[in-house]
1. For region 295-319, name all the residues that are over 16 Å from residue 59 (Cβ atoms), out of contact with any helix residue (DSSP H, G or I) (no Cβ under 6 Å at 6 or more places or on another chain) and not hydrophobic (A, V, I, L, M, F, W, C).
2. Suppose we filter 53, 4, 72, 79 for residues that are out of contact with any strand residue (DSSP E or B) (no Cβ under 6 Å at 6 or more places or on another chain) and either of a type in the set (Asp, Glu) or at pLDDT 85 or above (or both); which single one remains?
3. Going by what's in this entry, would residue 176 be described as closer than 30 Å to residue 3 by Cα and free of Cβ contacts under 8 Å to residues at least 24 places away in the same chain?
4. If you take just the helices (runs of 4 or more DSSP H) that sit entirely in region 310-424, which of them hold at least 3 residues that are more than 17 Å from the chain's Cα centre (by Cα) and closer than 20 Å to residue 220 by Cα?
5. When you look at residue 331, is it modelled with pLDDT of 95 or more, of a type in the set (Ser, Thr, Tyr) and more than 29 Å from residue 208 (Cα to Cα), yes or no?
6. What residue, among those in region 74-86 that are of a type outside the set (Asp, Glu) and assigned to a loop (DSSP other than H, G, I, E, B), is surrounded by the fewest Cβ atoms within 10 Å (Cβ to Cβ)?
7. Could you check region 87-110 and list, in sequence order, the residues that are in a helix (DSSP H, G or I) and out of contact with any Gly (no Cβ under 7 Å at 6 or more places or on another chain)?
Amino acid sequence: MRLLYSLLYSLAILLVLLHQLWCARRDRRHIERLPERFGYIAPITGQQTRIWLHTVSVGEFLGALPLIYRLLARPDTELIVTSTTLTGSDRIRASLGDRVHHFYMPYDFTRAIRRFIYTAEPDLLVIMETELWPNTLAECHARGVPTLLINARLSQRSARSYSRAGGVTRAMLSRLGGAGIQQQADADRFIGLGLGPDKIQITGNIKFDQTLSPTQREQAAELSDEWSLDGKRRVWVVASTHPGEDEIVLEALKLLRQRGLSAEQLLLVLVPRHPERFDRVHSLIGRSGLSSIRRSVEEQPSADVDVVLGDTMGELPLMLGASDYVFMGGSLTPVGGHNFIEPALWAKPLISGPHLFNFSGVAKMLTDAHALTLVNDAAELSSAVYGLYRDNEQAQVMGQAALEVAESNRGALDKTQAMIEALL
């Protein structure tokens, strides 16, 4: 079964490589470090304990950052941090520089993984969330490298997908040394796929353990003053949108303009999830008839600007902090939603679409606390934002409720670190 998987995977990677070559016409970074994808990395010297931490992209890396800081403080320990995406790689380098060894995650080919392990010589592989690859876990197991899945979650949809390759999935999960899982419902799905209950610990979500530094708060306050024209208008941030959502959001803004909320009263900050969509969304805003600026070109919007296109990297946390209301994307289309925890830590009232299967647990906590409003279309979205605008006291209550949910769910970081220490 794993041989069949490897064959199908090889065909898929061929398509991925063709796509990367296509993307390299605009940005050569897509192919500049291609050998790393096949396990060719520079040798790492030293005899310290070496932890390999895989964070697939920006969201997983940011969620793991508090854990990374703790592990860096561990005596005689060095970190190898891998990512899959270019944006994830950029964020790792910008945040940590040479404090860690950073590479792209090798493709899940046996020889590529074997080559990477031989050169990197990790003492432990820690995988953030549910980035599971059969050949990677098989090679780690064969070479005596324990593996730990942390902050794991598994939606019903993902469980069904894994169950279709039951033999491969069971073998893969059997090779895990342990799993720190967010909630019991996720654990039950993993057990149903073949993960031994003795390997599981319910840790909660380590993203709740993030903290906001005084510098972040100061920078967010400065940005808020700029965007709000020193408090004269409200700021609505729409974060991590996917294709099909931007049109709905822009239509909702038009409906708000029809209700009488002018650009001087409400500013929309629209942040697409993927950088390759920035130009496309900018053109979409222009065709909608709304005025806009690009954050990368002009930092401060004037009073007649309807939309700021958030087309910079690494600024989303500050944008969330500078907002009055936050809509989280990936939820008006069946993507599964995105992380609510960061805006909750900023004490922001939250709005989302109905497709939340990737974050169902956190979403339920927030809706039960009356901190999150769910909407289905542009009309409902405009009504939700209009209601928050008209009732600022209620908006503050919702934001405080979101913060209380975040604060009350801390503690996963300690449990996760204890699991790492046990395997080391």
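The values are calculated or read from the model by the stated rules, or taken from the named source; none is laboratory data. Because the structure is a prediction, the values reported are computed rather than measured. Here the Cβ is made from the backbone with ideal geometry for all residues, glycine too, and neighbour counts use every protein chain on show. The accessibility values were calculated without ligands, DNA or RNA, using every heavy atom of the protein model including side chains. Shrake-Rupley method; radii C 1.70, N 1.55, O 1.52, S 1.80 Å.
1. 295, 296, 298, 299, 301, 302, 304, 306, 312
2. Numbers: 53 fails: out of contact with any strand residue (DSSP E or B) (no Cβ under 6 Å at 6 or more places or on another chain); 4 fails: either of a type in the set (Asp, Glu) or at pLDDT 85 or above (or both); 79 fails: out of contact with any strand residue (DSSP E or B) (no Cβ under 6 Å at 6 or more places or on another chain).
When all the criteria are applied, what remains is 72.
3. Here the answer is no, as residue 176 does not meet what is asked.
4. Working: elements: 316-321, 341-345, 360-368, 378-390, 392-408, 412-423.
Correct list: 392-408.
5. On the way: modelled with pLDDT of 95 or more: yes; of a type in the set (Ser, Thr, Tyr): yes; more than 29 Å from residue 208 (Cα to Cα): no.
So residue 331 fails the test.
6. Residue satisfying both the conditions and the ranking: 75.
7. Within region 87-110, 87, 88, 89, 90, 92, 93, 95, 96, 97, 98, 99, 110 meet the criteria.
Quick grid of which residues meet (1) assigned to a loop (DSSP other than H, G, I, E, B); (2) open to solvent by less than 80 Å² (accessible area, probe 1.4 Å):
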site: 6; (1), (2): no, yes
site: 13; (1), (2): no, yes
site: 19; (1), (2): no, no
site: 26; (1), (2): yes, no
site: 35; (1), (2): no, yes
site: 40; (1), (2): yes, no
site: 44; (1), (2): yes, yes
site: 51; (1), (2): no, yes
site: 61; (1), (2): no, yes
